[in-house]
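Below: one structure, written as structure tokens.
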Amino acid sequence: MAEKIRGITIAIDGDATGLNKALEGVDKSLKSTQSQLKDVNKLLKLDPKNTELLRQKQELLGKAVEQSKSRIESLQNVQKELGERTAENAQQYDAVEREIIATRKAQEDYEAQLSEMTPKVATFSDKMKDVSDKTAQLADKTKVLSGAAAGLGAALLGNAVKSAAAAGDLATH
């Protein structure tokens, strides 16, 4: 039976439909994640400090790492089905081995980007928390000042009314 793995035809004795479907599903998910990462990276070039985009990138990189691991497992299963590398299966065996190497390299790249992202996201999160805390403190102070201003305004108005009333009493006498 001939099975296809990313453009590579592999002849495997026995039924490999399950392996092919598993690899197909993993490849589809990984391709979708890579596409989303590309979109997020484009937007981050325009707004590199956007915390929502940074969070999304971190999440997508974690997802890509997991999907790469799953793809490697599926490829290793295909390799097990091929058995030992022999003259008859050398081309197929080597093709699967190259796919495993390429997927491991991609996984390492995702992990490196993720490691690089984690401190950035933490720093931005801390800064956003500081801004949020300072905004809350400012709002509290504004409420206090507003209350004081309202009290002062009421006191001044009261004094003005009293003064006007007193002046009115003096004018009538």
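The values are calculated or read from the model by the stated rules, or taken from the named source; none is laboratory data. Only a predicted model underlies this, so the values are computations on that prediction, with no experimental measurement involved. Note that we place each Cβ from the backbone using ideal geometry, even for glycine, and neighbour counts take in every protein chain shown. All accessible areas refer to the heavy atoms of the entire protein, side chains included, with ligands and DNA or RNA removed. Shrake-Rupley method; radii C 1.70, N 1.55, O 1.52, S 1.80 Å.
Points to keep in mind about this one:
- Taking segment 40-51 as the range and being assigned to a helix (DSSP H, G or I) and either open to solvent by 80 Å² or more (accessible area, probe 1.4 Å) or of a type in the set (Gly, Ala, Ser) (or both) as the test, the residues that pass are Lys42, Leu43, Lys45, Leu46.
- Answer from Ser74, Ser68 - the residue that is touching a Leu at 6+ places or on another chain (Cβ under 8 Å), over 18 Å from Leu37 (Cβ atoms), of a type in the set (Gly, Ala, Ser) and without any contact (Cβ under 8 Å) to a residue 60 or more places away in the chain: Ser74
- Residue check for Met128: modelled with pLDDT under 80 and in a helix (DSSP H, G or I): yes
- Qualifying positions in segment 24-39 - more than 18 Å from Val78 (Cβ to Cβ) and either open to solvent by less than 100 Å² (accessible area, probe 1.4 Å) or not in a helix (DSSP H, G or I) (or both): Ser32, Thr33, Gln34, Ser35, Gln36, Leu37, Asp39
- Subset tally (residues that are touching a Leu at 6+ places or on another chain (Cβ under 9 Å) and open to solvent by 30 Å² or more (accessible area, probe 1.4 Å)) for segment 77-96: 4
- Test: residue in segment 56-71 that is out of contact with any helix residue (DSSP H, G or I) (no Cβ under 7 Å at 6 or more places or on another chain), loosely packed, with under 14 Cβ neighbours inside 10 Å and either part of a helix (DSSP H, G or I) or modelled with pLDDT of 95 or more (or both): no
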